[in-house]
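Visitor: Please find one structure pasted underneath; my questions will follow.
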Amino acid sequence: MTRPAEPLAVPKHVADLAGDREVTAVWLNDLGGVTFSLAGEEFVKVYPEQHAALLVAEAERMTWAIEYHSVPKILSTGPGWLHTAALPGRSAVDPDWIRRPRTATRAIAQGLRLLHNAAPVEACPFGTPSWIPADAPPADRLVVCHGDPCAPNTVVGEDAQCSGNVDLGDLGVADRWADLAVATMSLDWNYGPGFEAEFFDEYEIDPDDERIAYYRARWEEQAGLPR
Ligand SMILES: Nc1ncnc2c1ncn2[C@@H]1O[C@H](COP(=O)(O)OP(=O)(O)OP(=O)(O)O)[C@@H](O)[C@H]1O
Ligand SMILES: [Mg+2]
């Protein structure tokens, strides 16, 4: 998961969607998937054919979640691509936010708190995020989890508030600690150590060390697996 070091080839259907707008590859993931920005107004996520089903799953979750939380509006889809409207602002790992890690941390916590409090578990048609075992410990509180709550998946607006979340392909019902454990682990990766307290303060929860350790270990186990 990284920002592409060099410009990447633009597939024809992305160029067609862009028209005369500037196309920039902004993200390259572990599966070889690339996200293109169309002048910052829209995004097109393009996955290799063998992973195209992941985008179908993501589109279903986006369509459901948009009723309850700020997530991108789908503009069009096709085999192996998903075209969405931009959430306002920039990713929490944009260099401008990396320079303001406390603000970015609070926005990430805020986004997850809003999602967890707004999306109804009983109405959620999706199962548990793929990396969480069926025999997970009893939940502190079951919520609709983001499922991949790493820092880059929060978008932060000019007002320093969370403007929404992207990357919803693993959204599902789980203990809120699944999201909280992984989100706080990703603060270290993206901003360096020392921001967890800020996160928990904004989310308004005291850290549950046992559940944090459990979910981080499960996350790390699946990190090397093809998804
Ligand atoms: N609709 C959108 N609005 C704003 N930013 C977006 C949007 N869609 C994608 N992005 C940006 O593109 C990046 C990549 O998108 P996304 O996280 O969905 O791709 P991914 O390949 O699944 O990522 P990962 O490597 O985390 O699995 C995001 O981190 C975000 O910065
Ligand atoms: Mg992502």
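Visitor: Answer yes or no as to whether residue 34 is without any contact (Cβ under 8 Å) to a residue 60 or more places away in the chain, closer than 25 Å to residue 222 by Cβ and within 16 Å of ligand 2 (Cβ to nearest atom). Reasoning before the result, please.
Guide: Values: without any contact (Cβ under 8 Å) to a residue 60 or more places away in the chain: yes; closer than 25 Å to residue 222 by Cβ: yes; within 16 Å of ligand 2 (Cβ to nearest atom): yes.
It is true that residue 34 is without any contact (Cβ under 8 Å) to a residue 60 or more places away in the chain, closer than 25 Å to residue 222 by Cβ and within 16 Å of ligand 2 (Cβ to nearest atom).
Visitor: Would segment 51-64 turn up any residue that is open to solvent by 20 Å² or more (accessible area, probe 1.4 Å), part of a loop (DSSP other than H, G, I, E, B) and outside the structural domain of residue 156 (by TED's automatic domain parsing)?
Guide: no
So that you can scan it fast, the table gives a plain yes or no per residue for (1) at pLDDT 95 or above; (2) within 8 Å of ligand 1 (Cβ to nearest atom):
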residue	(1), (2)
14	yes, no
17	yes, no
23	yes, no
29	no, yes
32	no, no
39	yes, no
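Visitor: Still on this structure, I have one more. When segment 114-157 is examined, which residues are found to be more than 15 Å from ligand 2 (Cβ to nearest atom), open to solvent by 40 Å² or more (accessible area, probe 1.4 Å) and assigned to a loop (DSSP other than H, G, I, E, B)?
Guide: If the condition is that a residue be more than 15 Å from ligand 2 (Cβ to nearest atom), open to solvent by 40 Å² or more (accessible area, probe 1.4 Å) and assigned to a loop (DSSP other than H, G, I, E, B), then 125, 127, 128, 133, 134, 135, 137, 138, 139, 140, 141 are the ones that fit.
Visitor: Within segment 165-177, which residues are within 16 Å of ligand 1 (Cβ to nearest atom) and open to solvent by less than 10 Å² (accessible area, probe 1.4 Å)?
Guide: Going residue by residue through segment 165-177, those that are within 16 Å of ligand 1 (Cβ to nearest atom) are 165-172.
Once the filter is applied, which keeps residues that are within 16 Å of ligand 1 (Cβ to nearest atom) and open to solvent by less than 10 Å² (accessible area, probe 1.4 Å), segment 165-177 yields 165, 168, 171, 172.
Visitor: Look at residue 179 and say whether it is part of a loop (DSSP other than H, G, I, E, B), within 25 Å of residue 31 (Cα to Cα) and not assigned by TED's automatic domain parsing to the domain that holds residue 70. It would help to see each step written out before you state the result.
Guide: Details: part of a loop (DSSP other than H, G, I, E, B): no; within 25 Å of residue 31 (Cα to Cα): yes; not assigned by TED's automatic domain parsing to the domain that holds residue 70: yes.
No; evaluated as a whole, the condition is false for this residue.
The values are calculated or read from the model by the stated rules, or taken from the named source; none is laboratory data. It should be emphasised that the depicted structure is a prediction, and the values quoted were computed from it without experimental measurement. When we count neighbours, we look across all protein chains shown, and the Cβ atoms used for this are built from the backbone with ideal geometry, even at glycine. Only protein heavy atoms, including side chains, enter the accessible area calculation; ligands, DNA and RNA are left aside. Shrake-Rupley method; radii C 1.70, N 1.55, O 1.52, S 1.80 Å.
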